[in-house]
1. Using the C-alpha atoms of the range A:6-151, what convex hull volume per residue, in cubic angstrom, is computed?
2. Per-residue ellipticity at 222 nm for chain A, helices alone: DSSP H runs ≥ 4 residues times -39500 (n - 2.57), over residue total, nearest 500 deg cm²/dmol?
3. If each of residue B:10 and residue A:129 carries a label point 7 Å out from its Cα toward its Cβ, how far apart are those two points in nm?
4. Once the Cα gyration tensor of the range A:85-141 is found, what semi-axes does its equivalent ellipsoid get, as square roots of 5 times the eigenvalues, in whole Å, sorted largest first?
5. Determine the distance separating the Cα centre of the range A:52-91 from the Cα centre of the range B:113-134; give it in Å without decimals.
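We did not get these values from a lab; they are worked out from the coordinates using the rules stated. Note that the structure is predicted; figures quoted are calculated from it, not measured. Here Cβ is always computed from backbone atoms with ideal geometry, including for glycine, and neighbour counts include all displayed protein chains.
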């Protein structure tokens, strides 16, 4: 596969992540921060995000287990952090799930929290997998121009 | 890309989130700022050389040592929601300090709460950015830094003039136009 073809594939993959509503403008902002001195900035920050957020997921899971009663404040605080981190990398759908979870916290709905958390984890895992594939392909294709969307 | 002759502004960034620290640091560096990033308000105060003696809440203005003059910080940008010391608390402490109060402070938050924003702006914050912070936000920092720089230069100029004259003269440093009409959101 020649280089141009690889690059087109990468661009197409990225575009599809946007089309599916998985990523938002923030991801483009991250790409614009990449340059010759920081060629892997996006991958680095996304990697850090996954390290950070998997810890938060564990904490949230733990908190959801301590059920008598659920500590909604604690859950909301943890989710606030999780949402912030997700938002910073442009994880659009995951962010929406975070908002939903927080609504349930504020409503004091244990059932709602549990359900939305399951959904959130699914979205989170799906995006993670796609981003890993994306970065792998991008690395193979070599350095390319970043922003592909007209501003 | 070193256009190094110009003085580089030094920004202190405060955020408990590692991702956000990384992001703000990168954003600031692309604007050619020199950056120090810390993960808490107390570390920020320590960096600024402002050391308190313990209690916060009930005590009247804390007994603060004078800031470390070797460290020059031209702007502080801080997250609002942080454990222990919020960005707002940090703002207050900076504004209460004789040596630090003229440093512009910018607050960042992921939550769009008008009352929160107003309170920060009214209590001395120069800007309030919603997260995720973008390049266009960081571009708004320079005017605040330039104003402070001009003010510093005026102060130095003033001081050297005063040496010759009497004590009293115009004190333009007191009319701080830095506080432009804040973006006060009126809910009526």
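1. About 101 Å³ per residue, rounded to a whole number.
2. -26000 deg cm²/dmol
3. So the two model labels end up 4.9 nm from each other.
4. The equivalent ellipsoid of the range A:85-141 has semi-axes of 29, 11, 5 Å.
5. Going from one Cα centre to the other spans 25 Å.
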